[in-house]
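I have placed the structure first, in the form of structure tokens, so that the comments after it can refer back to it.
The values are calculated or read from the model by the stated rules, or taken from the named source; none is laboratory data. Computed from a predicted model, the values in this text were never measured in an experiment. A quick note on method: Cβ atoms are made from the backbone with ideal geometry, for glycine too, and the neighbour counts reach across all protein chains shown. SASA here: full protein model, heavy atoms, side chains in, ligands and nucleic acids out. Shrake-Rupley method; radii C 1.70, N 1.55, O 1.52, S 1.80 Å.
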Amino acid sequence: MTTPSTDLRTRAAEYALLPLRLFLGITFVYAWLDKLTDAAFLSATGDGSIGQQMEAVRDSAALPALVELSSQSPVALGMAMALGELAVGLGALAGLLTRIAALGGALISLSLWLTVSWQTTPYYYGNDLVYLVAWLPLILAGAPALSLDALLHRRRARRPSGSRRAGSVRPNRAAASPS
């Protein structure tokens, strides 16, 4: 027998990751918007450009060779980063392919931590490490509430076990059986 307190705990557990998902989704969509509306960012050189930022962190990054390689095409890297942030943010907000979106967010955060904020001392002042860790629960649990993933999961669960997708062909058992 379930009690109101057990139902409340179950409901709270179901929605526990929603604030984190919304925060990360909004933050990553905002990061995309911030990059695309900053005229200086998507430039190879100049104040505030992606090229200047890469040059500034090249020697202090954990992976300076990665920064060096990326600096061959800084505008392409900036666009790829911005589009990645948009895809990750929208995936988190909609709860669509949430685990994949969270993995993308974690990889973006990891790359930023190993390059841009690696030199931050003490380490807990660097926000990219915190974002990396914040994506982990969504990689593990997905989006169980208020998400397209949950909606699709419920739809699949309601489908009778013997049903097939539209357009699939069932074998003619009468023709296949010997007479």
Positions within region 1-20 being free of Cβ contacts under 8 Å to residues at least 40 places away in the same chain and under 17 Å from Ala92 (Cβ atoms), in sequence order: Ala16, Pro19
In region 113-130, what residues are open to solvent by less than 40 Å² (accessible area, probe 1.4 Å) and outside any loop (DSSP other than H, G, I, E, B)? Leu114, Thr115, Asp128, Leu129
Index of the failed condition, Glu85 passing every other in (1) touching a Lys or Arg at 6+ places or on another chain (Cβ under 9 Å); (2) farther than 18 Å from Trp32 by Cβ: (2)
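Name the residue that is surrounded by the most Cβ atoms within 10 Å (Cβ to Cβ), counting only residues in region 59-73 that are among the aliphatic types (A, V, I, L, M) and in contact with a Phe, Trp or Tyr (Cβ under 7 Å, 6 or more places away or on another chain).
Ala61
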Candidate set from region 131-146 (those that are out of contact with any Ser or Thr (no Cβ under 9 Å at 6 or more places or on another chain) and assigned to a helix (DSSP H, G or I)); member that is least open to solvent (accessible area, probe 1.4 Å): Pro137
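Examine region 84-107 for a residue that is over 25 Å from Ser147 (Cβ atoms) and surrounded by fewer than 18 Cβ atoms within 10 Å (Cβ to Cβ), and state whether such a residue exists.
Just the residues of region 84-107 that are over 25 Å from Ser147 (Cβ atoms), to begin with: none.
No, every residue in region 84-107 fails to be over 25 Å from Ser147 (Cβ atoms) and surrounded by fewer than 18 Cβ atoms within 10 Å (Cβ to Cβ).
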Tell me, which residue of region 1-45 that is more than 19 Å from Ile100 (Cα to Cα) and charged (D, E, K, R) is least open to solvent (accessible area, probe 1.4 Å)? Lys35
